[in-house]
Amino acid sequence: MADSASAPAEDSLIEKKSEFIGDACHIDTLDEALAFVQSVRERHPKARHVAFAAIFGAAQGSAKERMSDDGEPSGTAGKPILDVIRIGRLTDCVITVTRYFGGILLGSGGLIRAYSTAASMAVKAADIERIVPMQHYRVVLEYPWFDRFEQLLVQAGGKEESKEFTDRVTVRFAVPSANAEDFETRVREAFNAQATLSAV
């Protein structure tokens, strides 16, 4: 999910006079998720509930989950939101559903449907991005080699992170891990093993 905490994806629905507002954004840590939930509470000070669910830490290889019903009956708010994230096979994101109570009780089934629908609507409004594991490198090049190197990098689906021009060009860059071995071979062949890649 590419939507930021400052500009989250959002959508809403009305169910028996209660308004359910779904917000979704990218996060990397639990602290970022909790800070986003707090910012939603501050935006909606009169809301009765701000339930949420988050999955984070996948980039570090160990995904963790957190959820809260925020005062709704157990299992009727946080879990339906978490289920939307799981079913969508999403990670490193948080979804909140803010409820303004309309005076009519929805019952457990009604709450589960409303929280799930609002969360799904927020996901539909979000800009979903695939997480691609990257291998990071540093290389020092002679100036005449630079254009050829950039072509190889583009072909491998890589991206420059920084470059420094002195007597030679030092480039920091990343290549999708799946393409890394092939990219290293192409660089060796293109520059007769005179350009040394250092993994960073």
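Values in this text are rule-based calculations from the coordinates and carry no lab data. None of these values were measured; they are calculated from a predicted model. Here the Cβ positions follow ideal geometry from the backbone for every residue, glycine too, while neighbour counts run over all protein chains shown.
For the chain, the mean projected area of the C-alpha convex hull, equal to one quarter of the hull surface, is 13.2 nm².
Among the chymotrypsin sites (Phe, Trp or Tyr not before Pro) found in the stretch 1-102, those both in a DSSP coil and sparsely packed, with 16 or fewer other Cβ atoms within 10 Å of their Cβ, are F101. When GluC sites (Glu not before Pro) are flagged only if DSSP places them in a loop and at most 16 other Cβ atoms lie within 10 Å, the longest unflagged stretch of the chain comes out as 1-128. In a solvent-free Debye calculation with one equal scatterer on each Cα, what is log10 I(q)/I(0) for the stretch 54-112 at q = 0.16, 0.31 Å⁻¹, listed in the order of the q values? With no solvent term, the Cα-only Debye profile gives -0.54, -1.33. Per-residue ellipticity at 222 nm from helix content only, as computed over the chain with -39500 (n - 2.57) for each DSSP H run of at least four residues, stands at -10000 deg cm²/dmol. Spin-label pair R113-E65: with each label point 7 Å from Cα along the Cα-Cβ axis, the two points sit 2.4 nm from one another. For helix 30-43, what angle does its Cα long axis make with the longest principal axis of the chain, in degrees from 0 to 90 and rounded to 10? Here the helix axis deviates by roughly 50 degrees.
Model label points for I87 and R130, set 7 angstrom from Cα along the Cα-to-Cβ axis, are 2.3 nm apart. Note on the chain: Lys pairs 8 or more places apart or on different chains, Cα atoms under 20 Å apart, count 4. Amide H contacts of A77: none lie under 5 Å away among residues 5 or more positions distant or on a separate chain (H built 1.01 Å from N in the peptide plane; Pro and chain starts excluded). Taking amide H positions as modeled 1.01 Å from N, with prolines and chain starts lacking one, the residues under 5 Å from C93 and 5 or more places away or on another chain are I27, I55. For the stretch 98-200, the pair-distance distribution built from all alpha carbon pairs, in bins 5 Å wide starting at 0, is 2, 11, 17, 16, 9, 5, 4, 5, 6, 6, 6, 6, 4, 2, 1 percent. With R₀ fixed at 41 Å, the C-beta to C-beta distance from D182 to S6 puts the FRET efficiency at about 0.60. Enumerate the residues in the stretch 11-38 having an amide nitrogen under 17 Å from the point lying 7 Å beyond the Cα of I104 toward its Cβ. So the set is 13-21. For T196, the residues whose amide H sits under 5 Å from its own are V140, ignoring neighbours fewer than 5 places away on the same chain, with H placed 1.01 Å from N. For the stretch 1-74, the ratio of Cα radius of gyration to the globular rule of thumb 2.2 N^0.38 Å stands at 1.17.
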